[in-house]
Amino acid sequence: MAETKHEILTGWVVDEFTEVTIDDLTRFCSVRREKIVELVSEGIIEPVNRAERDWRFPSRSLSRAGRAVRLESDLEINLHAVAVILDLLDQIDRLRRQGPGREA
Amino acid sequence: MEYKDYYKILGVERSASADDIKAAYRKLARQNHPDINKEKGAEARFKEIAEAYEVLKDPEKRAAYDQVGQGFRPGQEFRPPPGWDSGFEFSGGDPGEGQDFSDFFESLFGRARQGRARRAGSAEFRARGQDHHAKIFIDLPDSYQGATRIITLRGAELDENGQVRMRERQVSVSIPKGVQPGQMIRLSGQGSPGIGGAAAGDLYLEVEFNPNSAYRVEGKDVYLDLPVAPWEAALGGKVKSPTPSGVVDLTIPANSGQGRKLRLKGRGIPAREPGDLYVVLQIALPPGNTPEAQRIYREMEQKLAFNPRQSLGV
């Protein structure tokens with residue numbers, strides 16, 4: 001595409017009110033649909049509705065799925081181990097937030 | 001371009017077996033993976049490690065690397081000999097389009113990618129362009145007021161001959177008001193161009209905040225440590241407090257203790273449902289370095305029955 005130095009690009013914030021589709025996830029992670037289905041069956045991401053044909057996911061699934069796919073291939077581990085790692089990372093985040101001097 | 005010693009990066013001997021290389025990579029990858037290790041520099045280290053493994057795990061690439069790299073030291077100026085790769089055909093292990101390897105790697109192994117892209121381009125086939133990802137660092141006030149940032153994106157693009165080339169482009173991006181750390185800004189159609197007339201991919205910008213000496217941000221809530229004098233905390237009253245949206249008059253309730261949190265509702269990040277600003281009182285002690293200050297402290301000692309160590313039982 002041409003130089004866009006002077007054009008200002010405007011996007012939208014993927015916030016907690018945004019939902020994403022399985023197509024969004026496959027493109028975001030550069031994976032095939034089956035990989036997303038695997039992530040769901042491993043409980044790594046959870047759709048907000050049941051019907052697989054028009055699954056919708058909370059927007060935080062984008063970064064979570066992206067992380068999962070990267071960890072799986074970069075660390076050469078299976079998705080079950082990835083799920084454990086992601087849960088532990090969440091726990092570290094929570095503990096860090098509640099750390100000394102930050103309690104509510 | 002600098003020669004890279006892939007063996008040294010993985011910490012293995014040049015004679016290392018495939019199993020040794022795999023073990024060394026896995027250990028280093030676990031320790032340095034940017035999704036796990038949030039330290040500064042982990043991402044750069046991981047990239048080097050992944051690049052080294054990409055070459056050394058593949059017998060063809062490793063052989064080519066060994067042959068061309070004989071006698072070079074890390075950091076030494078490197079130029080591949082003319083026609084060095086004529087004897088090699090790289091069959092597998094093509095790194096994905098999204099991988100961003102060093103110029104050194106590209107000069108040795110970039111050819112395999114170009115071949116693949118040409119094949120894809122010549123076939124009658126439509127595919128939507130890939131999504132791109134980038135990080136963008138903003139300051140807290142940008143999230144309160146909105147801002148425009150010029151960012152440089154580096155990515156692979158197809159040129160007119162269907163060759164993949166790395167190129168940089170600058171774009172101005174508007175930072176929407178109310179964006180929170182960790183959230184993404186999605187720019188439609190700003191990823192890779194589609195093939196065969198299909199739509200371009202999207203560009204996702206992951207938002208990170210530059211560290212701020214006064215405020216810390218958690219989700220959409222913002223925290224500020226506000227120093228107060230002992231009498232302000234004890235007697236209460238109005239004090240001035242900075243906030244990311246300007247100075248406010250803050251009422252401190254009488255008899256406030258160290259660390260008391262005052263919530264300013266809706267003065268956190270102005271998201272669709274705005275966050276709150278928490279002002280955390282930090283009682284600052286006036287120095288006791290004048291006769292007058294010492295007199296007042298002595299008077300407090302005599303007149304206030306105060307034992308700060310009561311809870312410790314002494």
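Starting from region B:160-185, keep only residues that are in contact (Cβ under 8 Å) with a residue 60 or more places away in the chain, then list their pairs with residues that are assigned to a strand (DSSP E or B) and surrounded by 14 or more Cβ atoms within 10 Å (Cβ to Cβ) whose Cβ atoms are within a distance under 6 Å, requiring at least 6 positions of separation or different chains.
As it stands, the answer is B:164/B:156; B:166/B:156; B:179/A:13; B:179/B:207, since those pairs meet every condition given.
How many residues are in a loop (DSSP other than H, G, I, E, B) and more than 7 Å from chain A (Cβ to nearest Cβ) when one looks only at region B:158-177?
Filtering region B:158-177 for residues in a loop (DSSP other than H, G, I, E, B) gives B:159-163, B:176-177.
The next check asks that each one be more than 7 Å from chain A (Cβ to nearest Cβ); those that pass are B:159-163, B:177.
Number of matching residues: 6.
Quick one: which residue in A:92, A:44 is out of contact with any Cys (no Cβ under 6 Å at 6 or more places or on another chain), away from chain B (no Cβ under 11 Å) and either modelled with pLDDT under 95 or within 30 Å of residue B:21 (Cβ to Cβ) (or both)?
Details: A:92 fails: away from chain B (no Cβ under 11 Å).
Of the residues listed, the single one that is out of contact with any Cys (no Cβ under 6 Å at 6 or more places or on another chain), away from chain B (no Cβ under 11 Å) and either modelled with pLDDT under 95 or within 30 Å of residue B:21 (Cβ to Cβ) (or both) is A:44.
If you take the residues in region B:269-284 that are touching a helix residue (DSSP H, G or I) at 6+ places or on another chain (Cβ under 7 Å) and in a strand (DSSP E or B), which one is surrounded by the most Cβ atoms within 10 Å (Cβ to Cβ)?
Out of the qualifying residues, it is B:281.
Do we find a residue being surrounded by 19 or more Cβ atoms within 10 Å (Cβ to Cβ), more than 7 Å from chain B (Cβ to nearest Cβ) and more than 27 Å from residue B:176 (Cβ to Cβ) anywhere in region A:20-33?
Yes; the residues of region A:20-33 include at least one that is surrounded by 19 or more Cβ atoms within 10 Å (Cβ to Cβ), more than 7 Å from chain B (Cβ to nearest Cβ) and more than 27 Å from residue B:176 (Cβ to Cβ).
Which of (1) farther than 24 Å from residue B:151 by Cβ; (2) among the basic types (Lys, Arg); (3) crowded, with 16+ Cβ neighbours inside 10 Å is the odd one out, the single condition residue A:60 does not satisfy?
Going through the list (1) farther than 24 Å from residue B:151 by Cβ; (2) among the basic types (Lys, Arg); (3) crowded, with 16+ Cβ neighbours inside 10 Å, residue A:60 breaks only (1).
Using the structure shown, decide if residue B:203 is touching a residue at least 60 places away in the same chain (Cβ under 8 Å) and either at negative phi or of a type outside the set (A, V, I, L, M, F, W, C) (or both).
yes
Which of the residues spanning region A:1-34 are closer than 29 Å to residue A:51 by Cα, of a type in the set (D, E, K, R) and at pLDDT below 90?
A:15, A:16
Tell me, yes or no, whether region B:222-230 has at least one residue that is facing chain A (nearest Cβ under 8 Å) and more than 30 Å from residue B:256 (Cβ to Cβ).
No, because not a single residue in region B:222-230 is facing chain A (nearest Cβ under 8 Å) and more than 30 Å from residue B:256 (Cβ to Cβ).
Taking region B:25-49 only, how many residues are assigned to a helix (DSSP H, G or I) and either in contact (Cβ under 8 Å) with a residue 40 or more places away in the chain or more than 9 Å from chain A (Cβ to nearest Cβ) (or both)?
Adding up the residues that qualify gives 11.
The values are calculated or read from the model by the stated rules, or taken from the named source; none is laboratory data. Quantities reported herein were computed from a predicted structural model and do not represent experimental measurements. Every residue, glycine as well, gets a Cβ built from its backbone with ideal geometry; the counts of neighbours run over all protein chains shown.
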